[in-house]
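See below for the structure under consideration.
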Amino acid sequence: MLLDISRLRRDAVEINRQIDPEVCADLKDEYTVPGVTTVKGTVRRDKGTAVVLDVTVTSTLDMPCSRCLEPFAVPVDAHVKTRFVPVGDLAKVTAETVRSGEIEDGVEDRDLGLAEYQDESIDLGHVVREQFVLALPMKPLCQDECRGLCPVCGVNRNRETCGCKQEWIDPRLAALAELKKQ
Ligand SMILES: [Zn+2]
Ligand SMILES: [Zn+2]
């Protein structure tokens, strides 16, 4: 999903795009995207060739719980404010920003990210995928108290109770008992 910026002026232009799941998901990902993703906000031309994208990315991802393996929903509601510069200009722009003291003075918006655009367009699919990765929990759990799978029979203990005995024997005690027998 490319956003054409070739005719963009300094006045902010509203954007409201619905992005299909195929565009922002990859089979390699640990999540799936069951529905559309919304990108809503504004885009405007900044100094020179730079363009500022200021949007909110809203979606819902499905990812498997790390304990019971059942998929659960991960909401995404992220604010993205990024300055895009033509590909190859990134190093130059960074140097200029430092030289003009914008960073030290705090004149620059601290939340403003920096990225590149190519062929007069911004790849919204890329913007969205980046937010998905940031939204993923470090330890994915369907619920805080997820009881996981029974290590003996494999039932999902959130839904079923099995009769498996799960005695945990301290291996050191087991070794001691073994010694006593001898
Ligand atoms: Zn779970
Ligand atoms: Zn069991």
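Every read-out reported here was derived from the displayed coordinates using simple, explicitly stated rules and does not represent laboratory data. Keep in mind it's a predicted model, so treat the numbers as computed, not measured. Counting neighbours? That spans all protein chains shown, and the Cβs are built from the backbone with ideal geometry, glycine included.
Observations on the structure shown:
- Pairwise FRET efficiency - E30 versus A177, Cβ, R0 = 35 Å, nearest 0.05: 0.25
- Estimated at 0.36 nm per residue, the fully extended path between L134 and V87 surpasses their Cα-Cα distance by 14.6 nm.
- Here the range 2-146 is assigned +1 on the Cβ of each Lys and Arg and -1 on the Cβ of each Asp and Glu. Its dipole about the Cα centre then comes out at about 320 debye.
- Rg/Rh, computed from the Cα trace of the chain with Rh as the Kirkwood radius, has the value 1.24.
- FRET efficiency, 1/(1 + (r/R0)^6) with R0 25 Å, evaluated for K40 and R10 via beta carbons: 0.75
- Helix content alone sets the calculated 222 nm mean residue ellipticity of the chain: runs of n ≥ 4 DSSP H residues at -39500 (n - 2.57) each, divided across all residues, give -6000 deg cm²/dmol.
- Which of G148, L176, L69, positive extreme of dipole for the chain (C-beta unit charges): L176
- Sequence-distant lysines (8 or more away, or on other chains) whose Cα lies within less than 25 Å of K139: K28
- Between 0 and 90 degrees, the angle of helix 124-135 with respect to the longest Cα principal axis of the chain falls at about 40 degrees.
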